[in-house]
Structure formats: structure tokens, C-alpha cells
Amino acid sequence: MATVSPSDGATVGVVGRGFVSVLAAKLAAIEGYKTWMLMPNGQEETIKSLMNEEDDEEGNVDVTLVEATDGDKLESLMESTDAYIFAVDDDTVMDEAVLKFLLKPENAKNVKRVVGMSRNLNGKDMGFFVKASKISAKRQVWDGSTSKQYKAFEESLKECASAIGAEYTIARAGTLKGGASGDSEEPYKQFLTKQFYEMTKRDIVTWNLLFDCDIRGVRLAKGDVLPGPGSKAVFTATGTDAAPGDTSRSGICEAMVKSLAVENAANMDFGVATEESRSPPSAEEWQALFASL
């Protein structure tokens, strides 16, 4: 099975929408990959503000941003791309036409690995209470309402990967939470900047910040087995503790990036859950997490 390692000078393209695509691109660059990201027109300044703190020029990451209408630039980057990460922040799916265009045999001659962010689709501990929490507490709650579309996305991803001789990896998420640097005194600068909290806060103190301070741990589970929040959904929707049905943006984005260089992550799917910890997994701990699958 082929891996895509940053030590080989590999190029990674990140395609998607929302915070998870920005964070995945930032982490890929920090990991050492030559990274480019396809973005909507006019979003360059917003994306840069999420990747790089204004007062930390030395910590700026090198990600090539490509507007969706810049066909010439996109074509030149596709020629050298070794892996793709597809990730969407809301509960819609990646446009199938975009997926099939990027992964056409003539456009993906060097692609060895394709990573797609999907969702927990097994339906366990979902239902009325989860749907109610999406309406009353937080519209970003994953309630399984687009499971059919995600299943179709997964099949399309597998078919496209097979057609170009590449391997696929599917990383599953529940309700996405957090994803930025956390505590201002001891920030984890590899994640999104504090601008994320400004963009998502609904009160003086954003619960996303509190979540990021305490829930840095990650748990991986092979297959589509992770449950939803069940009857506690309305309480966990904006909760800041580790809870069933939740996934940290930081955790799933790191998992997707790390999986590129992991041999046993090829042609498989896994779910990403939360664990209480004030520090993210180390390189050695990530190795152990993947070895457990």
C-alpha cells in the first residue's frame, strides 16, 4: 500500500468548504507537505486571517490559495498533486462534479491517496432528541439528515480513487466543535487563529474556546460505529465536555493529514471521537491511535 509522506516532497490539495478545509490545509502545510487549497472567490483575506495571527509573522504557514475561477493555476497544481483531502464543515456534501473533475485520470496522474471527510452514518443514538437539538440549540448539530447524500459521496470517492489507481481513506465526524488555538497564554498555534472565536461567538465568552481548552484528546474507532448524543443532545449541543456524538475539528483535521503517511489507513474508514485532555496527541500517540485500528 502506498503512503504519501512529507519527507518525499509530496503535494496535497485541499478542497471543501468552511473551517475544516482551512484547518486541514494549515495542518498539511505544518506537517511539511506542499499544500494548496481551492477556495471561493473573494475569500483570501478571511482564510489568511484564520491561518495566520497578525502579530506572529514568523509563524505564518505557506499554503497556496487558488480561486475556483482560476483554471490555469488549478490545472498546473493538479499535475503535481500526490493526495487530496476533501472536507466540508456543514452537513452538506462535496459537489460530485468537483470530485469527479479533480480525480479524472487525465487530471490526477500522480495521486496516490484520497481522503474524504464523511459523517457517522450508522444511526445509533440519533432520532428525535438530536433533531430537536439542531433546531433549538445549535444548527451545526449532526442529526443524520443528509446521510443518504454522504453515503453517495463515499461511493463516488471510492470509485474515483479506484479509477486512478489511488487508495482512499474516509474519516467520520459527528457534531463538529472547536478547532482553534485555545488558551491565549498557552495557545496551540498549529490550529486556527483566535479569529475563529470571533467569527463563531454568540456571547461574551464563546463555548468553542472553552471546548478547545479542555478537549484536545482524540479517540479513533475503525468503521462506522460511533454513536450520536441520544437523549442528551440538547445539553451536549454546545457543551464543553467530551461527549458521545462530538468531534473536534482539530482532531479530525489532524487525523486526515496524519493518515496520508499511514499505511494501514489505506482503503478504510474510521470515526473520530473526543477525549478530555488539555494537549493534543503527540506524534507517538498518533502512531498508537492508527496502530489500534
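The values are calculated or read from the model by the stated rules, or taken from the named source; none is laboratory data. Values in this document were obtained by computation on a predicted structure and should not be read as measured data. In this analysis, Cβ positions are derived from the backbone assuming ideal geometry, glycine residues included, and neighbour counts consider all displayed protein chains. Side chains are part of the model used for accessible areas, which takes the heavy atoms of the whole protein and leaves out ligands, DNA and RNA. Shrake-Rupley method; radii C 1.70, N 1.55, O 1.52, S 1.80 Å.
Need at least 3 residues that are touching a helix residue (DSSP H, G or I) at 6+ places or on another chain (Cβ under 7 Å) and closer than 27 Å to Trp207 by Cβ per element, so show me which helices (runs of 4 or more DSSP H) inside segment 220-293 make the cut, counting only ones lying wholly within it.
Values: elements: 233-236, 249-259, 283-291.
Passing ranges, in order: 249-259.
Scan (1) in contact (Cβ under 8 Å) with a residue 24 or more places away in the chain; (2) under 19 Å from Asp89 (Cα atoms) for the single condition Ala242 breaks and write down its number.
Looking at each condition in turn, Ala242 falls short on (2).
Can you tell me which of Asp62, Asp70, Asp82 is open to solvent by less than 30 Å² (accessible area, probe 1.4 Å) and acidic (Asp, Glu)?
Asp82
In segment 133-143, which residues are crowded, with 20+ Cβ neighbours inside 10 Å, out of contact with any Asp or Glu (no Cβ under 7 Å at 6 or more places or on another chain) and of a type outside the set (S, T, N, Q)?
Result: Val141, Asp143.
Please name all residue pairs, on different chains or six or more residues apart, with Cβ atoms under 7 Å, provided the first residue is in segment 107-136 and is within 19 Å of Val272 (Cα to Cα) and the second residue is part of a loop (DSSP other than H, G, I, E, B) and among the charged types (D, E, K, R).
Hits for this filter: Asn120/Asp224; Leu121/Asp224; Asn122/Asp224; Met126/Asp143; Val130/Asp143.
Identify all residues within segment 275-293 that are in contact (Cβ under 8 Å) with a residue 60 or more places away in the chain and of a type outside the set (Phe, Trp, Tyr); write none if there are none.
Glu275, Glu276, Ser277, Arg278, Ser279, Pro280, Pro281, Leu289, Ser292, Leu293
Could you tell me which numbered condition Pro227 fails, if it satisfies all but one of (1) modelled with pLDDT under 95; (2) closer than 17 Å to Asp125 by Cβ; (3) open to solvent by less than 60 Å² (accessible area, probe 1.4 Å)?
Pro227 satisfies every listed condition except (1).
Tell me yes or no: at least one residue of segment 53-62 is at pLDDT 95 or above and either in contact with a Phe, Trp or Tyr (Cβ under 6 Å, 6 or more places away or on another chain) or not aromatic (Phe, Trp, Tyr) (or both). Walk me through how you get there before you give the answer.
Filtering segment 53-62 down to residues at pLDDT 95 or above leaves none.
No: segment 53-62 contains no residue that is at pLDDT 95 or above and either in contact with a Phe, Trp or Tyr (Cβ under 6 Å, 6 or more places away or on another chain) or not aromatic (Phe, Trp, Tyr) (or both).
Mind telling me which of the residues Val114, Val130 ends up being open to solvent by less than 20 Å² (accessible area, probe 1.4 Å), at pLDDT 95 or above and touching an Asp or Glu at 6+ places or on another chain (Cβ under 8 Å)?
Values: Val130 fails: at pLDDT 95 or above.
Selected residue: Val114, the only one of Val114, Val130 that is open to solvent by less than 20 Å² (accessible area, probe 1.4 Å), at pLDDT 95 or above and touching an Asp or Glu at 6+ places or on another chain (Cβ under 8 Å).
Yes or no, residue by residue, for (1) open to solvent by 10 Å² or more (accessible area, probe 1.4 Å); (2) of a type in the set (Ser, Thr, Tyr); (3) under 13 Å from Arg219 (Cβ atoms); (4) in contact with a Cys (Cβ under 8 Å, 6 or more places away or on another chain):
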residue: Ala243; (1), (2), (3), (4): yes, no, yes, no
residue: Arg249; (1), (2), (3), (4): yes, no, no, no
residue: Leu260; (1), (2), (3), (4): no, no, no, no
residue: Met268; (1), (2), (3), (4): yes, no, no, no
residue: Gly271; (1), (2), (3), (4): no, no, yes, no
residue: Glu275; (1), (2), (3), (4): yes, no, yes, no
residue: Pro280; (1), (2), (3), (4): yes, no, yes, no
residue: Ala283; (1), (2), (3), (4): yes, no, no, no
residue: Ser292; (1), (2), (3), (4): yes, yes, yes, no
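Can you tell me which residue among Phe235, Phe211 is in contact (Cβ under 8 Å) with a residue 12 or more places away in the chain and aromatic (Phe, Trp, Tyr)?
Being in contact (Cβ under 8 Å) with a residue 12 or more places away in the chain and aromatic (Phe, Trp, Tyr) holds for just one of Phe235, Phe211, which is Phe211.
Would you be able to say whether some residue in segment 178-194 is basic (Lys, Arg), free of Cβ contacts under 8 Å to residues at least 12 places away in the same chain, more than 19 Å from Phe86 (Cβ to Cβ) and open to solvent by 70 Å² or more (accessible area, probe 1.4 Å)? Before you say what the answer is, go through the steps one by one.
Keep residues of segment 178-194 that are basic (Lys, Arg), which gives 189, 194.
This time we only want the ones that are free of Cβ contacts under 8 Å to residues at least 12 places away in the same chain, so: none.
No, segment 178-194 contains no residue that is basic (Lys, Arg), free of Cβ contacts under 8 Å to residues at least 12 places away in the same chain, more than 19 Å from Phe86 (Cβ to Cβ) and open to solvent by 70 Å² or more (accessible area, probe 1.4 Å).
Residues that are out of contact with any Ser or Thr (no Cβ under 9 Å at 6 or more places or on another chain) and in contact (Cβ under 8 Å) with a residue 24 or more places away in the chain, at least 3 per element: which strands (runs of 3 or more DSSP E) completely within segment 1-81 meet that? Can you show your working first?
Working: elements: 11-17, 34-39, 63-67.
The strands (runs of 3 or more DSSP E) meeting that bar are 63-67.
Going through segment 144-177 one residue at a time, which ones are of a type outside the set (D, E, K, R), open to solvent by 10 Å² or more (accessible area, probe 1.4 Å) and out of contact with any Ser or Thr (no Cβ under 7 Å at 6 or more places or on another chain)?
Initial filter on segment 144-177 (of a type outside the set (D, E, K, R)): 144-147, 149-150, 152-153, 156-157, 160-166, 168-171, 173-176.
Checking the rest, the ones that are also open to solvent by 10 Å² or more (accessible area, probe 1.4 Å) come to 144-147, 149, 152-153, 160, 162-166, 168.
If the condition is that a residue be of a type outside the set (D, E, K, R), open to solvent by 10 Å² or more (accessible area, probe 1.4 Å) and out of contact with any Ser or Thr (no Cβ under 7 Å at 6 or more places or on another chain), then Gly144, Ser145, Ser147, Gln149, Ala152, Cys160, Ser162, Ala163, Ile164, Gly165, Ala166, Tyr168 are the ones that fit.
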